[in-house]
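Before any comments, here is the structure.
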Amino acid sequence: MGFDILSLILFLPLAGSILVLLIPKENKNLIKGASLVFSLPSLVLSGLLYYYFDHSLGAMQFQVNVPWVRSVGLFYQLGVDGISLPLVILTALLSTVSLLASWTINEKVKGYFSLMLLLETGMLGVFLALDFILFFIFWELVLLPMYFIIGLWGGPRRDYASIKFFLYTLLGSVLLLVGILLLYFSSGLKTFDMVRLINAPLPAAIENLVYLLTFVGFAVKVPIWPFHSWLPDAHVEAPTAGSVLLAGILLKMGTYGFVRVSIPILPGASRYFATALAILAVISIIYGAFCAMAQKDIKKLVAYSSVSHMGYVMLGVASLAPQAVNGAVLQMVSHGLITGMLFLLVGMIYERTHTRMIPELGGLSTRMPVIAGILAFTSFASLGLPGLSGFWAEFLVLLGTFSVGLAFYKTMAVLAALGIVITAGYFLWMLQRVILQTYHGPAIELPRISFRELVYLAPLIMLIILIGIYPGIALEMINSTVLAILG
Amino acid sequence: MGIENIVLNLVIVIALLPLLSFVLLLFLGRFLPGRGGPVATALVGASFAASLYVLFQVLTRGNVASSMVWHVAGSARFTLGLLVDELTVFMLVVVTSISFVIHLYSIGYMHREKRLSWYFAVLSLFTAAMLSLVIADNYLQLYISWELVGLCSYLLIGFWFEKKSASDAAKKAFIVTRLGDVGLSLGIILIYVSTGSFIFSEVFQQAEGLSMTLVTAITLLLFCGAAGKSAQFPLHVWLPDAMEGPTPVNALVDAATKIGAGVYLVARNFPLFELSAFSTGTVVWIGAISALMAATMAMVMTDIKRVLAYSTVSQVGYMMVALGTGGYFAGIFHLMTHAFSKALLFLGSGSIIQAAHVQDITQAGGLYRRMKITAITFILGALSISGLPLFSGFWSSDQILRDVYNYNFIIYVILTFTSILTAFYMSRLVFLTFFGRKGDKAEYAHESPPVMSIPLILLAIPTVLVGFIGSPFLPEAYRFFTLFAPESFGVRQVEANYAVMGGPIAADLAGILLAYLIYQRNLRPQDWLARYLGPYYKVLLHKYYFDEIYLFLIVRPVLRLSDFIGRFDLAVIDRVVNWVGDSGLRFASAIGIFDLGVIDGIVNWVGDTMLDNSSRFRLSQTGYTLNYLLFFFAAVALLVLWIQFA
């Protein structure tokens, strides 16, 4: 088997999660330090993975394949390609960032950091697993820690939000499992291998049924309109780091499902349902943007903006055009960075002013210029300013969708392009009321940005700019894999 | 290294110097002397010097271009490249020269501001964005710079963001132009989808083969972007509000950067526009409407900067008309003469605002004696914009009108009539500000310091002289000027057409005379215009109610819709989800009741019945042996009887 870098990346956080439990709970700083120590190696190793990865190859790399339960054809099978690797790196990065952003947590510290590390393993596993059952186990593993993080460390309505989140996604998971089993039994290959199943001959009716079952599982996670209503509540109630990972990674699990499962394994059904999916995607874009405009709570605004932005990913998936799917995958990464930043900044503002309500804020650029400046930067990134990562993602989606020969897709691309204006509208309006004009918040000293905060924001800012200036650093590997998947 | 490479590298340096200034000032600004202003000015000045060299090289040796692959997605190859042709070097010189002067002027004008290094940083970034826009060899690179220009104008118009009006204006400037930019981005996508390339030269080569409908659609979409950036009807509404920004910023926006970007886009895509008569017709009419409509509004505005803003919209209308009628020279020539004149006027108005603390021209007056440099240079600029003979603006507008005369007589009449209005509002501005009754503010006014007055003089020189390179009376200079046009566009008629020239000159003189009579000699009361125009005057004061119409037709409905959807999400979608959840709970509790009442009931009933019965049976279990014996014998007796009878 040799040096198994993927398992190392995957299980180091889990080891940390267990070890943290052994530290006496009074020793808060040790707990925080130890969890950082167990999270950082995954980040460093995934960086190495990027370096040693063959970006021009569309196939799975660094594969691990060990028999697990022979009788049913279950394997412990991991691997990365140009679609999963960016997400693995994003997960490792945002997890470490989230730990740093959680330094101010002082209640039930041990449980919190242990759950965060467990969550990291779960998320990494979803992107690394190549065996359907393994994939599903990690998929479910993500659910529990997040449920507890929202439910125990969340805001005032945390009980409602966490149960809603849990039940909603559980419903999706159950159908996903049924879909996986149906695929297993009808493919005739007696395998859960996600790579081998690509060639499975399926009757059209079965394929469509599997698509619909898995669709619900993925759509709830994305979330696609109208399955989104768990998201604003979960985001608003979750602690900052919870929101960051929820928006940054958990939503991508859904879209990853479409790119990893629906498009390659169920290509016929993907084409069959493409029109419907495109319509839902555009509704998500426009509807999410309008909802965001109506919000008074910045956190809710950012939450709805996610619904809108994930719509671009889905539009790219629906159009099945190479540029658009490239754009969709890039948008996953870009949205993870940008929206992760937005939640971090909202958290920083809330910690200082003790409010997230837009009408109660204003003039922050005079009181905390650096944070306000970074908020402006991130908002412009989110509204797709060229030269930053979001632009390429959305532009490629629009370009690809428009290039599909049908008038329907051209119309969808035009509508999606109009969504960009609404996005500009709500972000600029938010900026005007939050960082511009005069300050009229609570008359207290607002601390300047701390070194720790700068440390965890800096890599995200740099990546947003880097991908914006040279998208090839991500697109090269994404493109080779996308071309392989679309055949 | 060949001269071509030197030119290419130099062009990159020209764009990078202001960018360097931005980065330097953003991070180290507060440590720099004058908090960075002089450094930024020097760097932009170096760009200007390099631009002059590049201009000389390109005009004598020809175009240079270079391109490399940037990244690939699917089958789409994105390239980075430079195109340094006549149009590019022309724009480079105009942008860097004006930007340099504005940087210099800002050192004086803005020195009391607390966010000084931020101001200079963004001013430099603005310049860098505009420069990278004009050196791009493909649509995508152009679009990226284009949006950066928009971002910088947002940041600078909203520089005094503590004021609600300033932050409103910044937001408006960004969103209105973004609306146009949707058109531009779709146009670019359509170009790529139909030609498979983003590179100008490749697209132009294939343009002949495209269908008329497609070319028309592409050019109209591109023009949406141009109209937004260049503040043309009906997307002009952001420009007057942009006057909330610092005055030097207005000079930069109106003369060299944002406004110029739209005109540049049309000029750059001239080979495409030429193919579609419908598109050029649209460009001409939008330009003519903008020219006339903005001029009428400029007549009644009392804010000195707003008069200049509407004047910009009007003059850019001239440029669009020129480009639409095929007058490629005339369009970019007017862009240049207008850029110098308008920058001069804005900086002059800044000097007035700072010296006399007055922006309302009805409150000013008699400033001439107090600030002669400002007054004289301002008057030169006003005369140039009015198109008075021998000033730069005259030569360029004369060329435009000559082209238009051959194209469409109605447009010619509209533009000539606009010339009367232009001369009138410019003269009104001059008479009310510098002459006539001394305003209260004039007492304390004083000439601005050299750091501000020298830029005025620097701009006054090209304002007067630069037009001669386009004068039909100086063939040598004109021949130099024709070097600016790519050969493919053909060299246009050079001879002066006195009939065409005469109309506008008469119009100018009429406008100036009218303003002189009203505002200088007071032969008519000051509110003569208001009385004469009647209700129309009110319409003009309200800027044709554009803001109100947009508020009513777009802004309010959008906000209402978003409010509605926000409520809908909570009241319907979320309620359905909660209803499902609650139903689940209710179902569960119903099951619970059923379970308790029915299933458990049956079980309990069975148990209870057993208990009941057994308790009855228990009565028989008396424990008395005699009773048992009695039962026993009774049973035996019954058994015997049964056997007997069966």
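Tabulated data
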item	result
Residue-level accessible surface for B:Trp146, protein heavy atoms, 1.4 Å, Å²	0
For region A:273-487, with +1 on Lys and Arg beta carbons and -1 on Asp and Glu, the positive-most of A:Tyr312, A:Leu375, A:Ala417 along the dipole	A:Leu375
Chain A - percent of accessible surface contributed by carbon and sulfur, probe 1.4 Å	71
For region B:156-194, residues shielded by at least 40 square angstrom of accessible area compared with the chain on its own, probe 1.4 Å	B:Phe161, B:Glu162, B:Ser167, B:Lys171, B:Phe174, B:Ile175, B:Arg178, B:Val182, B:Leu186, B:Ile189, B:Val193
Cα-derived Rg over Rh, computed across region B:1-137 with Rh taken as Kirkwood radius	1.05
Relative contact order of region A:273-487, pairs being alpha-carbon contacts under 8 Å that are 6 or more residues apart, as %	28
Heavy-atom surface of region B:1-137, accessible at 1.4 Å and reported per residue (Å²)	37
Within 10 Å of each Cβ in A:377-385, the average number of Cβ atoms from other chains	2
D (Stokes-Einstein, µm²/s), Kirkwood Cα radius, chain B, 1.567 mPa s at 4 °C	46
Above-threshold pairs, the threshold being 30 Å between Cα atoms, out of A:Lys252/A:Lys299; A:Lys296/B:Lys164; A:Lys252/B:Lys258; A:Lys299/B:Lys229; B:Lys172/B:Lys372; A:Lys221/A:Lys410	A:Lys252/B:Lys258; A:Lys299/B:Lys229; B:Lys172/B:Lys372
For peptides B:617-626, A:232-241, B:165-174, sequence by mean Cβ density within 10 Å, most packed first	A:232-241, B:165-174, B:617-626
Surrounding net charge for A:Ala241, when Lys and Arg each add one and Asp and Glu each subtract one, Cβ distance under 15 Å	0
Exposure of A:Val97 as accessible area (Å², to 10), given a probe of 1.4 Å and all protein chains	10
Percent accessible area from carbon and sulfur atoms, region B:1-137, protein chains only, probe 1.4 Å	69
Nitroxide proxy distance, nm - points 7 Å out along Cα→Cβ at B:Ala637 and A:Phe11	8.6
Isotropically averaged projected area of chain A, using the convex hull of Cα atoms (one quarter of hull area), nm²	21.1
Kyte-Doolittle at least -1.0, axis length at least 24 Å by Cα - qualifying DSSP helices, chain A	A:5-22, A:28-52, A:84-101, A:109-128, A:132-153, A:158-187, A:204-221, A:274-294, A:298-319, A:322-353, A:407-434, A:451-469
Summed buried accessible surface, chains B and A, 1.4 Å probe, nearest 100 Å²	4400
For region A:126-191 and region B:240-319, distance of Cα centres in Å	57
Anchor A:Lys110: lysines whose Cα lies under 22 Å away (excluding residues fewer than 8 positions away in-chain)	A:Lys25, A:Lys28, A:Lys32
Spatial separation of Cα centroids for region A:61-99 and region B:115-184, in angstrom	43
Probe 1.4 Å - accessible area at B:Met610, Å² to nearest ten	130
Residues of region A:273-487: accessible area per residue with a 1.4 Å probe, Å²	26
C-alpha center-to-center spacing [region A:200-259, region B:20-96] in angstrom	46
Using a Förster distance of 30 Å, the FRET efficiency for A:Glu360-B:Arg575 (Cβ separation, nearest 0.05)	0.60
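The values are calculated or read from the model by the stated rules, or taken from the named source; none is laboratory data. Treat the numbers as computed from the prediction; the structure is a model and nothing was measured. Backbone-built Cβ (ideal geometry, glycine too); neighbour counts: all protein chains shown. These accessible areas exclude ligands, DNA and RNA; they are computed on the full protein's heavy atoms, side chains included. Shrake-Rupley method; radii C 1.70, N 1.55, O 1.52, S 1.80 Å.
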